[in-house]
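Peer 1: Please find one structure pasted underneath; my questions will follow.
The values are calculated or read from the model by the stated rules, or taken from the named source; none is laboratory data. These figures come from a predicted structure and were not determined experimentally. FYI the Cβ positions are ideal-geometry reconstructions off the backbone, even for glycines, and counts take in every protein chain you see.
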Amino acid sequence: MPPQPTPVPPPSEPSVPGSSALEESARLARAQRLTDVITRLRRALRSSIRTDYPWESLPMAQVELLQTLAAAPLRVGELAERQRLAPNTVSGLIGKLLDAGFVDRQADPGDRRTARIALTEAGHRQLHDWRQAHERRLADALESLSPENRDAVMLALPGLEQLARSLTSGGGSSTGGSSATVTGSGSITGTG
């Protein structure tokens, strides 16, 4: 007799063992709210930067490649793995960065048949200018908040950093370090 497929629980059943449907609903609502806020924040930042600094026209995918290459030159395959993109997608993005003069190809000392992609001086300048524009814009936006909201944003950073590490590593558990917690009332408590 062939093995039977494992039944998938209906959506009303919680996906976290030991949690009730109500707890699962609350868990998913928190995730949805965080997703919505992150999406709006990224869109608002990108839009305001382009309004305040019209010269800033690099797509975010290209900026992320420049950020990755700032540490050290890498092969296209290594870039694709780090960015979690298909190699042909990275090749296309690299082509645009090559045309703009922000990166160049260098012989790989470990394997002369392959090339590594490195930032040019223009690429370093572009990344520096991009970072400064974003830092100024965020600093101005933070200053526009009430002191309580500004403190809440800053207290949330350790938790958000841990969340980013968890998502990057593919895990979902916290492993020590600083933490910030959003209480049921929406206030943030943290330890640093």
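Peer 1: Working only within region 96-115, note down all residues that are under 29 Å from the mean Cα position of the chain (by Cα) and farther than 13 Å from L65 by Cβ.
Peer 2: Passing the criteria: D99, G101, D104, R105, Q106, D108, T114, A115.
Peer 1: Okay, moving on. Among the listed residues L79, L142, which satisfies the condition of being surrounded by 14 or more Cβ atoms within 10 Å (Cβ to Cβ) and hydrophobic (A, V, I, L, M, F, W, C)?
Peer 2: Result of the check over L79, L142: L79.
Peer 1: I would also like to ask the following. In region 11-40, which residues are among the hydrophobic types (A, V, I, L, M, F, W, C) and either at pLDDT below 75 or under 30 Å from P87 (Cβ atoms) (or both)?
Peer 2: Across region 11-40, the qualifying residues are V16, I38.
Peer 1: Can you tell me which condition V63 does not meet? The list is (1) touching a Ser or Thr at 6+ places or on another chain (Cβ under 7 Å); (2) in contact (Cβ under 8 Å) with a residue 60 or more places away in the chain, and all the others hold.
Peer 2: (1)
Peer 1: If you go through region 101-115, how many residues are of a type outside the set (D, E, K, R) and without any contact (Cβ under 8 Å) to a residue 12 or more places away in the chain?
Peer 2: Residues in region 101-115 being of a type outside the set (D, E, K, R) and without any contact (Cβ under 8 Å) to a residue 12 or more places away in the chain: 3 in total.
Peer 1: I would also like to ask the following. Could you tell me how many of the residues in region 145-159 are surrounded by fewer than 13 Cβ atoms within 10 Å (Cβ to Cβ) and assigned to a helix (DSSP H, G or I)?
Peer 2: Of the residues in region 145-159, 3 are surrounded by fewer than 13 Cβ atoms within 10 Å (Cβ to Cβ) and assigned to a helix (DSSP H, G or I).
Peer 1: So, one more: Checking D108 against (1) among the acidic types (D, E); (2) under 24 Å from L45 (Cβ atoms); (3) surrounded by 14 or more Cβ atoms within 10 Å (Cβ to Cβ), only one condition comes out false. Which one?
Peer 2: (2)
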